[in-house]
Amino acid sequence: MLNDIKQDAEERMGKSVDVLGVNFNKIRTGRAHPSILDGISVSYYGNPTPLSQVANISVLDARTLSVSPWEKAMVIDIEKAIMKSDLGLNPATTGGLIRLPMPALTEETRKGYIKQARKEAEAGRVSVRNIRRDALGTIKDLLNDKDIGEDDERRVSDEIQKITDKYVAQIDKDLTAKEADLMEI
């Protein structure tokens, strides 16, 4: 029973760190990477569809992405969706190929992206702490119901705190790597 609580907390904390990684990928660095376009949806026969399901996204060079729609009629819709997104990208279309040059990051935009990354990291830490709080609350309820003893409660609480510390440290490490990536010229 206590191991189940501990294991559940660890799995949920791991998922929080995974979500943080996905959110970090959406923050644009100076380099072209297909995951930058992950959050963009295009209207495909009336249904919002992820861009990656209606087009091939590839890296032409370090600063340029290419989007090649599978249907020529989708080019205009894809262009509009990219321009509506808050990525600051200006598509250049040549026939059926959309090129997305990555603008160079200024010092100001880098600092803005670092702030965004720190905000995402803090949201990840809060999520991990909330999971810890839920697990400790469940353990406290078991103690109050006399299902476990105080020694077990103390031991499992300490183990959950160690797990929490491990995931918070992972978040801090990921944030440091993202900040270094953003400040790289």
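Readers should treat all values here as calculations from the given coordinates under stated rules, not as data from a laboratory. These numbers come from a predicted model, not from an experiment. Methodologically, a virtual Cβ is constructed for each residue, glycine included, from the backbone with ideal geometry; neighbour enumeration extends over all protein chains shown.
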By Kyte-Doolittle mean hydropathy of at least 0.0 and Cα axial length of at least 30 Å, which whole DSSP H helices of the chain are selected? none
Which of the GluC sites (Glu not before Pro) across segment 71-153 are loop residues per DSSP, with 16 or fewer other Cβ within 10 Å? E71
Estimated inter-spin distance, V126 and E107, nm [label 7 Å along Cα→Cβ]: 3.1
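How big is the Rg/Rh ratio for the chain, C-alpha atoms only, Rh by Kirkwood, two decimals?
Taking Rh as the inverse mean 1/r over Cα pairs, Rg/Rh reads 1.15.
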Would you calculate a helix-derived [θ] at 222 nm for the chain, using -39,500 (n - 2.57) for each DSSP H run of n ≥ 4 and dividing by the full residue count, to the nearest 500? -20500 deg cm²/dmol
Whole-number percent relative contact order across the chain, with pairs defined as alpha carbons under 8 Å at least 6 apart: 26
Where nothing but the Cβ of Lys and Arg (+1) and of Asp and Glu (-1) is charged, how large is the charge dipole of the chain around its Cα centre, in debye to the nearest 20? 820
Between S41 and A73, the two model label points (7 Å from Cα along the beta-carbon direction) sit apart by a distance in nm of 2.1
For segment 24-63, which chymotrypsin sites (Phe, Trp or Tyr not before Pro) pass both filters: DSSP loop (anything but H, G, I, E, B) and at most 14 other C-beta atoms within 10 Å? Y45
Determine the shape class of segment 34-101: with a ≥ b ≥ c the square roots of the Cα gyration tensor eigenvalues, call it rounded for a/c under 1.5, and otherwise prolate if a/b is greater than b/c, oblate otherwise. prolate
Once you compute Rg and the Kirkwood Rh from C-alpha atoms, what is the Rg to Rh ratio for segment 78-124? 1.12
